[in-house]
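*Asks:* Before I ask anything, let me first share the structure, which is written out below as structure tokens.
The values are calculated or read from the model by the stated rules, or taken from the named source; none is laboratory data. Fair warning: this is a prediction, and the values are worked out from it, not measured in the lab. Backbone-built Cβ (ideal geometry, glycine too); neighbour counts: all protein chains shown.
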Amino acid sequence: MKKLLSLTLALALSMVVFTGCTSKQKSSSSSSSKEEKAVYALVAKDVNNPYMKKMYEGFETAVKEVGAQPLYKGPDQATPEKQIEIINQLVAQKVSVIAIAANDADALEPALKNAMSKGIKVLSLDSSVNKNSRIVHIQQADPEKIGRGLIQAAYQMINGNGGIAILSATAQATNQNLWISWMKKELSENADKYKNTPLIKVAYGDDDPTKSTNETTALLADPKVKIIIAPTTVGMLAGGKVLQDKKSSVLLTGLGLPSEMAPFIEGGVCPWMYLWNPIDIGYLAGYAGNALVKGTISGKEGDKFTAGNLGEKIVTTAADGGTEIMLGDPFKFDKNNIGQWKTVY
Ligand code: RAM
């Protein structure tokens, strides 16, 4: 039912290019035993992050559809050190695929290079590793559109008047840092437009609910701050709760899960926000990993493959000179559509 709703909405909202539909699940009818199946692992930034769990949902579906064995791994906190340990364990376990949402672009390089030297197909998703550490990256949406779009949204929400603060994830997170660099570019390239909406501070909540709550509270101590941009689902939820509890007039936008942020959009704390379908990111990674294992693609620009229900996907050049596979455009959630999306993801 949820899948159908998602599909219908995505069609109805065809003015935006968005693959919002949750991939249909097929049950794996393979009769081969678990031992014989190749293992495809997803390494989360942090296993407890609800967004990562949604990504794994899609990954698991895809991996079962192609007849392999899915595995979910990740640290309890979003640090690269723990991810290195996990990568080494997966190499020892002789998995076939490692799809990783990286806590650092460079720190994982030796471990991932070692994995690739053993024939393991390594891809990053959500938050990329550097181009030497992966075969290909699964990119959720154009980082420039995300970064510029969030600043433009914040500007509109505060009518071009008031300070902007950013509540990010960890200081090393590749995806958040890339989005923030586009936010800063949007501000500096249009200095006249943004002269009354300066960026006051970038705070880091580490994708930890408690730290994100404390950082939000600290941001509110500065009366110049009129809006907080949280380009992380964990930061969005924590920020929304603080603003609502304090009945603050400071507004919030960013990248949030509709299921978590519906009350704040409906209540007005967050006029609107953006995201893409995290389930589809994981699903795409599962199919891309399988295409690498089967040799359908090698990860070079121009390679094409069918990603199950998402249809044909193409490998393109990424901004860092490596390659990537793009899911689609960010999608806007506001009072008009949040009611329909909150039950989807
Ligand atoms: C958080 C994570 C993740 C990011 C989303 C938007 O859950 O930091 O990496 O893509 O937010």
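*Asks:* Would you call Thr296 assigned by TED's automatic domain parsing to the domain that holds Val122, free of Cβ contacts under 8 Å to residues at least 12 places away in the same chain, over 27 Å from Asn337 (Cα atoms) and surrounded by fewer than 24 Cβ atoms within 10 Å (Cβ to Cβ)?
*Replies:* Spelling it out, Thr296 is indeed assigned by TED's automatic domain parsing to the domain that holds Val122, free of Cβ contacts under 8 Å to residues at least 12 places away in the same chain, over 27 Å from Asn337 (Cα atoms) and surrounded by fewer than 24 Cβ atoms within 10 Å (Cβ to Cβ).
*Asks:* Select from segment 20-45 the residues that are within 16 Å of the ligand (Cβ to nearest atom), part of a loop (DSSP other than H, G, I, E, B) and at pLDDT 50 or above and list them in ascending order.
*Replies:* The answer is Ala44, Lys45.
*Asks:* Of these, Ser133, Ser127, which one is surrounded by 15 or more Cβ atoms within 10 Å (Cβ to Cβ), touching a Leu at 6+ places or on another chain (Cβ under 7 Å), in the same structural domain as Ala44 (by TED's automatic domain parsing) and not hydrophobic (A, V, I, L, M, F, W, C)?
*Replies:* The conditions single out Ser133.
*Asks:* Please verify whether Tyr283 is away from the ligand (no atom under 14 Å from the Cβ), of a type in the set (Ser, Thr, Tyr) and at pLDDT 95 or above, treating the condition exactly as stated.
*Replies:* Criteria met by Tyr283.
*Asks:* Only one of (1) within 20 Å of Ala68 (Cα to Cα); (2) of a type in the set (S, T, N, Q); (3) within 15 Å of the ligand (Cβ to nearest atom) is not met by Ser298, so which one is it?
*Replies:* Condition (3) is where Ser298 drops out.
*Asks:* I'd like the residue in segment 149-173 that is part of a strand (DSSP E or B) and not hydroxyl-bearing (Ser, Thr, Tyr) and, out of all such residues, is nearest to Val242 (Cα to Cα).
*Replies:* Top of the filtered list is Leu167.
*Asks:* Just wondering, is there one or more residues in segment 191-211 that are under 19 Å from Lys54 (Cβ atoms) and surrounded by fewer than 17 Cβ atoms within 10 Å (Cβ to Cβ)?
*Replies:* Checked segment 191-211: at least one residue is under 19 Å from Lys54 (Cβ atoms) and surrounded by fewer than 17 Cβ atoms within 10 Å (Cβ to Cβ).
*Asks:* Something else about it: Taking only segment 174-204 into account, find how many residues are in contact (Cβ under 8 Å) with a residue 40 or more places away in the chain, away from the ligand (no atom under 11 Å from the Cβ) and either assigned to a loop (DSSP other than H, G, I, E, B) or under 15 Å from Asp46 (Cα atoms) (or both).
*Replies:* Number satisfying all stated conditions: 2.
*Asks:* Here are the criteria: (1) free of Cβ contacts under 8 Å to residues at least 60 places away in the same chain; (2) over 19 Å from Asn175 (Cβ atoms). Tell me which single one Pro70 does not satisfy.
*Replies:* The failed condition is (1).
*Asks:* So which residues in segment 46-76 are within 13 Å of the ligand (Cβ to nearest atom), among the charged types (D, E, K, R) and out of contact with any strand residue (DSSP E or B) (no Cβ under 9 Å at 6 or more places or on another chain), if there are any at all?
*Replies:* Asp46, Lys54
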